[in-house]
Amino acid sequence: MLSFYCTRCNKTSFSSTSLEYQYSSDCPYCGGEIIELTKDLKLGEIMLLLGYIDREKLQQALELQKELKKRIGEVLLLNSLINSTQLSQALYIQKEVA
Ligand SMILES: [Zn+2]
């Protein structure tokens, strides 16, 4: 079973069909944008899916993370790449798919 998350209304939905094979990729509740969540998704990847950061920023943060030995969420927050609302949102999603 696959999990999907709406970036507008924050609802999580489930389906056995991958997003690319679904008739519509809009949220059934609000018509917002849906992202597909895979199990064991890393926090940085969730931020990427949500469009909070781009791949380049994630790469920078991952390198900084090695130096600082902090959690990726902290690194992103410390460098103002995301805000605390975005961090809690991503953490919430990570918990949903875990
Ligand atoms: Zn929605």
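Helical runs (DSSP H, four residues minimum) scored at -39500 (n - 2.57) apiece and divided by the length of the chain put the mean residue ellipticity at 222 nm at -13000 deg cm²/dmol. Across the chain, Cα pairs under 8 Å and at least six residues apart give a relative contact order of 25 percent.
For the cross-link pairs K42/K69; K11/K70; K42/K66; K11/K69, the ones whose C-alpha atoms lie over 22 Å apart are K11/K70; K11/K69. Here K39 is the anchor, and the aspartates and glutamates within straight C-alpha reach of less than 16 Å, apart from those fewer than 8 places off in the same chain, are E96.
Just so you know, all these numbers are worked out from the coordinates, no wet-lab data involved. Owing to the predicted nature of the structure, the values given are computational and were not obtained by experimental measurement.
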